[in-house]
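Reading through the structure tokens given below for one structure.
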Amino acid sequence: MSLNLSNLYEKNGFIEFENIFEKEIIDKWNKILDNSYQTHNDQKVNVDLADLSQDGYSILKDFFNDKIKFIIDQLIKDPIIYYAGSNEIPGNQLKSHVNHNEIDGWHTDTGENLQYLDYKKPYWITFFVYLSDVSENSGAFEITNLTKKKLINHNTKSHKLIGSKGKCFLWGNSHYHRASPNLASERRRILKIQIQHNYLQNTYSEKLKNFKKYILENDEYMNYLTGSKHLYAYRDWKLESKINPQIIDVKNFDNQKDYNSNIKFQFVRRIKKNLKNFFNVY
């Protein structure tokens, strides 16, 4: 592979891919998930794959194809699932649907208290797959390559991930990000799979047990992913995939020129932020 995924991740905080999933797979997932979203037109809905029995495991198994396995193996050698689900947000929204009071939705999922961790390293990553078409104004995921709140300012460069149904990308939860407001009339749907190191504490470990009844005993990869050796600092299996890295299409992002958006603060928030910067208070 011409691009080093670890370097690309550490430089940008996210990686975009092309042609990871076939259209038939995306249509299958949407058909399974449709029942969960039919009666929630004006609110956000979260669906946990662990609550969907065999249908949920079917989506999970499809997701971990040879390409995804190879990508994860380049970033986290001892992967375990931290969350597996989907969410759908309503349209005609003027605010981000999550943490909208925290700098207009900008936040990290880790805080800044774990000083022993290098936030630029991929110790906790999230894959998003768009299950609906996502444009600039229809709830696109937006991210910076910054991990410190004090560096977030008005006009800080950011990047909106836009694309058609089936678009896949991964990002670091320790980087400042947000769901931009869904100004469109249509709802926006995604698949969300989170991966972390196996040796870390995992609040999803009990839910992972729901998948066990569907996993073959000799499927070492899926058994490991779902916690068969949780808290072990090593793995006792080899990645069986013989995939040619050249078939994985990575979108080359240049963080000097390819950003397509900026963080915008209201006037009062700008004043408050400038005062905090001046007094070094966060």
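The values are calculated or read from the model by the stated rules, or taken from the named source; none is laboratory data. Not measured: the values here are computed from a predicted model. In this analysis, Cβ positions are derived from the backbone assuming ideal geometry, glycine residues included, and neighbour counts consider all displayed protein chains.
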Next on the checklist: Just to confirm my filter: which strands (runs of 3 or more DSSP E) fall fully inside segment 145-191 and include at least 1 residues that are surrounded by fewer than 17 Cβ atoms within 10 Å (Cβ to Cβ)?
Outcome noted: 157-161
Item to check | Answer from ASN210, ASN198, ASN274 - the residue that is surrounded by 10 or more Cβ atoms within 10 Å (Cβ to Cβ) and over 25 Å from the mean Cα position of the chain (by Cα) | outcome: ASN274
Checklist entry - Of the residues that sit in segment 213-227 and are touching a residue at least 24 places away in the same chain (Cβ under 8 Å) and in a loop (DSSP other than H, G, I, E, B), which one is surrounded by the most Cβ atoms within 10 Å (Cβ to Cβ)? => result THR226
Item to check | LYS242 being within 25 Å of the chain's Cα centre (by Cα) and either outside any loop (DSSP other than H, G, I, E, B) or of a type outside the set (Gly, Ala, Ser) (or both) | outcome: no
Checklist outcome for this item: Note: among LYS95, LYS77, LYS69, just one is among the basic types (Lys, Arg) and either at pLDDT 95 or above or within 17 Å of the chain's Cα centre (by Cα) (or both), namely LYS69
Item to check | Selection from segment 205-262 of residues that are among the small types (Gly, Ala, Ser) and closer than 23 Å to ASN4 by Cβ | outcome: SER241
Next on the checklist: TRP124 - would you say it is more than 20 Å from SER185 (Cα to Cα), under 14 Å from the mean Cα position of the chain (by Cα), crowded, with 16+ Cβ neighbours inside 10 Å and modelled with pLDDT under 95?
Outcome noted: yes
Next on the checklist: Based on this model, can you work out whether ARG178 counts as within 24 Å of ASN35 (Cβ to Cβ), in contact (Cβ under 8 Å) with a residue 24 or more places away in the chain and in contact with a Gly (Cβ under 8 Å, 6 or more places away or on another chain)?
Outcome noted: no
Item to check | Selection within segment 236-270 - acidic (Asp, Glu) and under 20 Å from GLU142 (Cα atoms) | outcome: ASP254, ASP258
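Yes or no, residue by residue, for (1) more than 27 Å from ASP249 (Cβ to Cβ); (2) in contact with an Asp or Glu (Cβ under 6 Å, 6 or more places away or on another chain):
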{"site": "ASN153", "(1), (2)": "yes, no"}
{"site": "SER180", "(1), (2)": "no, yes"}
{"site": "SER185", "(1), (2)": "yes, no"}
{"site": "ARG188", "(1), (2)": "no, no"}
{"site": "LEU191", "(1), (2)": "no, no"}
{"site": "THR203", "(1), (2)": "yes, no"}
Checklist outcome for this item: Subset of segment 198-230, residues of a type in the set (A, V, I, L, M, F, W, C) and over 18 Å from LEU75 (Cα atoms), comes to LEU208, PHE211, ILE215, LEU216
Checklist outcome for this item: Checking SER174, SER164 in turn, the sole residue that is modelled with pLDDT of 95 or more, within 17 Å of the chain's Cα centre (by Cα) and polar (S, T, N, Q) turns out to be SER164
Checklist entry - Is there a residue in segment 257-269 that is charged (D, E, K, R), modelled with pLDDT under 80 and either surrounded by 13 or more Cβ atoms within 10 Å (Cβ to Cβ) or assigned to a helix (DSSP H, G or I) (or both)? => result yes
